[in-house]
1. Calculated from DSSP H runs of 4 or more alone, at -39500 (n - 2.57) each and per residue, what is the 222 nm mean residue ellipticity of the protein assembly as shown, nearest 500?
2. For the stretch B:53-159, what size does the Cα cloud have along each of its three principal axes, sorted from largest down, in whole Å?
3. Carbon-plus-sulfur fraction of the accessible area of chain B, 1.4 Å probe, in percent?
4. Work through the residues other than B:Ala122 whose Cβ is under 13 Å from its Cβ and net out their charges, Lys, Arg +1 and Asp, Glu -1.
5. For the protein assembly as shown, what is the Kirkwood estimate of the hydrodynamic radius, computed as the reciprocal of the mean inverse distance between distinct Cα atoms, to one decimal in Å?
6. Express the Stokes-Einstein translational diffusion coefficient of the stretch A:163-250 in µm² s⁻¹, to the nearest whole number, given a Kirkwood radius over alpha-carbon pairs, 4 °C and a viscosity of 1.567 mPa s.
7. Across bins of 5 angstrom width beginning at 0, how are the C-alpha pair distances of the stretch A:227-288 distributed, in whole percent?
8. For chain A, take the longest principal axis of its alpha carbons; what is the angle in degrees between that and the long axis of helix A:152-179, to the nearest 10 within 0 to 90?
Amino acid sequence: MKRIDTAAESSTRLQRIREWTALPGGFGIITGISMFLTITILGVIYPLISPYTSDEFVGDSFEPPSWAHPFGLDQLGRDVMTRTFAAVPADIGVAFLGVSIPLAIGTLIGIILGISKNKFFVSLVSSIIDGINAFPLLIIAIAMISFLGPGLFNVIIILTIMNWARYARIARTRAVVVLQQNYIEAAQLMGYSKRRIIFKHVTPNVSSESLAYALSDFILVIIIVSGLSFLGLAARPPAAEWGAMIADGRTYLGDAWWITIFPGVALCWSAISLSFIVEGLSRRDRGN
Amino acid sequence: MTSNLFLRKVLGRLVRAVTISFWVMVISFLLIRLSPGDPAATRLGAGAEQEAVEALRKQLKLDVSPLEQFTSYTAGLFRGDLGVSLVNDVDVLETIRNTLPLTLTYIFLSVFFAFLISIPIATLIGWSNSASIVYSFRSITSVIIATPNFFIAMVGILLFSVQRDWAPVFGYVSEFPENLKYLWLPVSINTLILVAIISRVLQSSIVDTKSEEFVETGIIRGVGRTRFFFYYILKPSMAPTVVLLSYMMGTMLGATVILETIFSLPGIGRELVGAVLASDYPMVQGILLFFGVITVFLSFIGDLCAYALDRRVKI
């Protein structure tokens, strides 16, 4: 009897997943998530099972792709496949921190601005936010590196200092709308504490919009992290990082395309997987 | 009455642009203060003599109180004095003036070709009701947008510079017919990315415009085809595109930094990267300020254009 129950339950769950996928954008979302999971899981597992490490010299320089080295060897005889997957924490990991920290800080500040009754404070902080947002993110990141010095850790600091303002603006606009909703008034009438209203009622309703932006920002930040490394301003050699590897391979593009192309494909793969998710979600939102 | 309202709106938007520019100035002034420790000592390295560090501090005006520094910085800006390069003693404003034309030419060409290509694509796809065409259009463009421009550049170089000798990667000649040889590949890459962005926005706003009542009115009144297309469909659909383009300007300037560095084009972006690598603080500060202010005013102009195209736009 119990067996049948679980079977029935699992079939409805399967059905539910199938129905969910059949909704608009479902295919894109599923494709995007599986692509993204593939690269992250490979990034975690491959360096562990690979016979080589990312900065080990394992053979002749410029050895073309073969069965032993599917992505070939680079200019110093390092295994490009190991390096490509070992770069996942440097790119996706740094970009993840560079999005999630500003997301948290910015959303908090935005909600405070939305709630605050102090007009002077609100207009002062808002104009600072506008000032920060006026700078193109890549340009200000490049400029700040000249004062902070190159390095992936500094890139996270720069993104924290500069990227929160975009989230704060989104959260503030949204918080003003949410605060006018009936359910907030209802919560106030129920006598809930201010803190409970802010954390249980305002924040969840504000953050849905911020999270949607964060997803597309993730793409931009991955491109910025790898772009800075490409310019030699973030990850420095011999670190395994896609942008730096592409820059490395550039000199040998004519003789050894694999040094550049494989890390580049991994980079595109990650960014495109996220953009499929974004595209699918927005299709679902529009409902077509 | 209408013109009065228009003027008031424009003035209000201008005041906002000036306020933002003020903060842009404050931020670029504050940046040098971010560096851990003394920027002068950091730049000269650990083995530097005390006098040299002091001299550099004086040159960077770090030896006076922060408030004095800020007033002299601001006063300098109003005189058009952005400081002098630490590397070759060239005036920062002079350098911007020398490197900007190439960057502008390059951006202008990309935007021009991008519109030329995007308008027909977006119109055709906006007009077709086939879901699969629209879906594949949106998938292809989102793939192009998500691909980093430096990787597209690498593939371009591999195809056109390494395998065939069509696009030289080093050097630049600024005379007119010669420079096209150096510019066509970077401009094409930028155009490709812009086409993806612009045609997406234009396509979705054409779809929105199609369902407006005035379009139906136009059909009923039997407006001529050309007039119908340009006045009833394209003009109102352009407003969101122009707004987007002016906001995109910043990202586009960021993108040129990378492409200029790759193709060694002597534009303002490559100058910035060079200044960062050489720790040329006044140059970095000056170029950053310039980028910030130009972005603010481009979005101001973009909003005005959008308002002129479609009076329902909020500015």
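The values are calculated or read from the model by the stated rules, or taken from the named source; none is laboratory data. Predicted, not measured: the structure shown is a model, and the values here were computed from it. Every residue, glycine as well, gets a Cβ built from its backbone with ideal geometry; the counts of neighbours run over all protein chains shown. Note: accessible area is taken over every heavy atom of the protein model, side chains too, but ligands, DNA and RNA are not part of it. Shrake-Rupley method; radii C 1.70, N 1.55, O 1.52, S 1.80 Å.
1. Value at 222 nm, helices only, nearest 500: -24500 deg cm²/dmol.
2. Between the extreme Cα coordinates on each principal axis of the stretch B:53-159 lie 69, 33, 24 Å.
3. Roughly 66 percent, rounded to a whole number.
4. +2
5. 26.7
6. For these conditions, the coefficient is 82 µm²/s.
7. Calculated P(r), rounded to whole percents: 4, 18, 19, 18, 12, 9, 8, 7, 4, 1.
8. 30
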